[in-house]
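Just below is one structure, and these are the notes that go with it.
The values are calculated or read from the model by the stated rules, or taken from the named source; none is laboratory data. If you're wondering where the values come from, they're calculated on a predicted model, not measured in any experiment. Note that we place each Cβ from the backbone using ideal geometry, even for glycine, and neighbour counts take in every protein chain shown.
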Amino acid sequence: MLKIRILLVVVSAIVVALIFILPKSVVENESQLSSSTASARQPAKLPANHQATSPRLISAIAEIRKAFHASSDRKNAIFADSLQTLYAQAGKFDSAAWFGEKAATFFNSTLSFLKAGNSFYEAYTFAMDDPKRNALAAKAQEWLGKAIQADPKNYEARVKVAMTYLSTGGPMQGIRLLRDILKEDPKNELALFNMGMLSLQSGQNTKAVDWLSQLIEVNPKHVQGQLLLGVAYLNEGHKEEARAQFEKVKKMDKDPAVQSAVDSYLKELK
């Protein structure tokens with residue numbers, strides 16, 4: 001189980017890039033943003049491929065925050081929308097979500113609902129304690145739900161809502177939501193991938209092989225799916241199929257993290 005979790009971190013480009021990002025709490029002032037990037041209290045060192053928040057970005061946030069607090073109505077919402085974008089760039093996803101909600105409440109549009117929901121979802125994925133994670137998941141469900149009401153075919157939003165249930169006490173509801181998506185769109189890559197990943201995490205390797213095989217039939221270039229299919233084969237004891245998958249991934253993606261993960265599995269097959 002631990003190896004699978006580590007693998008999922010390795011093969012996810014987003015997580016690799018952001019896993020040690022800046023603290024995610026809501027920023028009350030721009031000085032906190034500045035100090036949080038350099039303070040000795042920072043809990044984890046930023047990886048080499050991620051730079052600390054730039055002074056220019058901090059300055060832009062400071063100026064727009066002043067305008068936000070000094071304005072009202074539409075201008076206030078416009079400033080909130082800008083702050084949502086800037087805080088997301090700074091890795092402050094809680095703050096981005098907070099301002100995104102302010103903007104969405106005013107604009108009352110599908111796009112603003114989606115932006116707020118995505119921000120809350122990003123914050124949720126980085127939350128470290130259950131109460132905070134549950135609260136952020138509920139907000140993600142609320143705002144993504146509004147976007148889904150306006151556009152039921154937004155499968156990406158629906159998959160994200162499903163995933164919030166899986167880690168906040170409603171796993172069966174999350175699975176049902178993913179299955180509903182696949183009934184409507186059997187070739188939905190995101191839903192197929194997550195069904196395969198969840199089957200693998202729960203030790204249902206035969207089901208994982210089925211879901212991931214469907215995924216790579218839809219998209220043979222899906223590196224993460226190809227790699228996880230190899231893991232599923234390995235767990236099932238199908239060593240030759242696993243070896244073929246890992247060798248395929250080595251040719252598909254030269255990223256050092258992916259290569260290292262594949263090599264570790266190939267060593268197990270020797």
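Need a quick list: helices (runs of 4 or more DSSP H) entirely within the range 107-225 having at least 3 residues that are more than 26 Å from GLN84 (Cβ to Cβ) and in contact with a Ser or Thr (Cβ under 7 Å, 6 or more places away or on another chain). Full working, then the answer.
On the way: elements: 110-126, 130-150, 155-166, 171-184, 189-201, 205-218.
Those helices (runs of 4 or more DSSP H) span 205-218.
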**Message:** What are the pairs with Cβ atoms under 6 angstrom where one residue, in the range 163-185, is surrounded by fewer than 16 Cβ atoms within 10 Å (Cβ to Cβ) and at pLDDT 95 or above and the other, located anywhere, is of a type outside the set (Lys, Arg) and not in a loop (DSSP other than H, G, I, E, B)? Sequence gap at least six, or different chains.
**Reply:** ASP185/TYR155
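Of everything in the range 238-263, what is assigned to a loop (DSSP other than H, G, I, E, B) and surrounded by fewer than 13 Cβ atoms within 10 Å (Cβ to Cβ)? Give them in sequence order. If you could, list the steps in order and put the result at the bottom.
If we filter the range 238-263 for residues that are assigned to a loop (DSSP other than H, G, I, E, B), which is where we start, we get 238, 253-255.
Matches in the range 238-263: LYS254 only.
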**Message:** Just to be sure I understand, how many residues within the range 227-237 are within 12 Å of VAL262 (Cβ to Cβ) and surrounded by fewer than 22 Cβ atoms within 10 Å (Cβ to Cβ)?
**Reply:** 1
**Prompt:** What pairs come up if the first residue lies in the range 143-160 and is touching a residue at least 12 places away in the same chain (Cβ under 8 Å) and under 18 Å from LEU182 (Cβ atoms), the second is of a type in the set (Lys, Arg) and crowded, with 18+ Cβ neighbours inside 10 Å, and their beta carbons are under 8 Å apart, counting only those six or more places apart or on different chains?
**Reply:** ILE148/ARG158
**Request:** Report yes if some residue within the range 117-139 is more than 23 Å from GLN173 (Cβ to Cβ) and among the charged types (D, E, K, R); otherwise report no.
**Result:** no
